[in-house]
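Below is one structure, written out as structure tokens; comments come after it.
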Amino acid sequence: MKRFRKSLKVWAVVATLSLLGAIFGPFAVASAATSADVSVTARGAFVSYTAGQTTYNFGTVAASSTTNTTVGWLVFTNLSSVTTNISVQMLATTYTSTGAGWTHSDTAAGVNTAAMKASSNNGTPTWDASTVFVKFTAPYNWLVSTNPIGSDYKTGLSLLAPTSFTDGFSNNNTVRFTFTQAP
Amino acid sequence: MIKRLILTGLLVLLTGCSNGYTYEGNTTTPAASVETKSPTTTKPSSPTTKLIDTEKRPPETTTWISPGKVLIGNFYRGAEAEYPITIHNGGTTGTDTKKVTTDPGETEADISLNSLLSRNSLKSIDRLSSDNSKDTLVPVSYNPDTGLKIRGFSPADTRVLVMQYQADTKFTIEVKPPDWADQAYVDEIKEVVDWIIIVDPTPVLAPLETREIMVQIKMPFNSKITMKQLEFWTVVVSDQKGQVQVALATRWIITMRG
């Protein structure tokens, strides 16, 4: 009987704490282990995106050529609960290859050096001046500062092949698109 | 041993092979089921953070993070602050297609999986199919390092094997300077990055699991930073393959005291 009463007490405490959490939880702004006079505030925003593509093969490219995906080839859908910024960066400064690998440049193609651009006109059917370089070195360029909730953002990639190259093998790199809550 | 194991493509659909063999998960008890444990185990889903507005929650089958922005105020040398970021794994299934050739007398082989088998459990295998009608495939055991051991191959033969399974997702949480904040924030950011501790920087989440990961900020007493406001990002990426990578970031904005 004693054990039963003790168990009841424990459950009563658990139920009370759960109720208090349910009532006051949504308004909490600070967490434990934070210095007493420091404030920590976070509002309930979700950041979520889906990407229509994960791979692309530019095929065989000639020296000094520019090869584009179609504009709008890559579609991101903003499933976040907030408007978002989309920035773009190159993940490696050297392309992976069974050969020496091309070098990535943030500004221009060169000898054994490729560059990459992304379209920032949100899907206008043809490539135009609305492009940004895909950079390896921060700060990175952004495609859009405020993409609305539920909206698609359409972009594409443009490869600026080296002016000349000794590595004719397949060269690979990864472009990262980062999604953040807009200011 | 397997002579050749060739990745034939990610999206080859062979579900209509009329002369093949198909193992349906959970309909046959494996002959010798041995589950292995990975060094990284997944925790049960933890309650989602109290601050989340559930009405705006993205679909369950999409990956999301929360919150989008954390404001830390009245910060100073020697101060500490912490707050959890919540990660939801919207990934559910993996489908691998491989061409497998067996040696004479060989009926069993370890087949590597492109993703992590959820919970390291054979119960996470939804389907095994072969286009070779002489195969009677049964999964035997799983080890993250060596892959899925399958029994019942026809020896000295070849087939295209399709494996569908519930896949865990490994995430990586990085701390980095902001991509597009005011340049004044970036100059001294390397020091700020050193203040940050991610309690679990490479969590492995089961399909549809939601988990909180604590982020701690401790400003050293001897810091020489003089800026009034600092910003850094925590960036969450999954172990996705390909030339396009999606990264979801939380902005952390620190306002100093005085």
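Tabulated values for the structure
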item	result
Neighbouring partner chain Cβ atoms per residue of B:233-242, average, 10 Å criterion	3
Inter-site label distance for A:Thr166 and B:Ile197 at 7 Å from Cα along Cβ, in nm	4.9
Average partner coverage of A:76-86, which counts Cβ from other chains inside 10 Å	4
Relative contact order, percent, the range B:66-157 [alpha-carbon distance under 8 Å, six or more residues apart]	31
Estimated FRET transfer efficiency when R0 is 45 angstrom, pair A:Thr66-B:Glu60 (beta carbons, to 0.05)	0.60
Estimated FRET transfer efficiency when R0 is 30 angstrom, pair B:Lys190-A:Asp106 (beta carbons, to 0.05)	0.95
Other protein chain Cβ atoms within 10 Å, averaged over every residue that makes up B:72-84	5
11 Å reach of a label modelled at A:Asp152, 7 Å along Cα-to-Cβ, counting backbone N of the range A:104-125	A:123
Where labels lie 7 Å past Cα in the beta-carbon direction, separation of B:Glu24 and A:Val75 in nm	3.4
Highest average packing first - A:137-147, A:60-70, Cβ atoms within 10 Å	A:137-147, A:60-70
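FYI, it's all coordinate maths here, none of it is from the lab. Note that the structure is a prediction, hence the values are computed from the model and not measured. All Cβ positions, glycine included, derive from the backbone under ideal geometry; neighbour counts span all protein chains shown.
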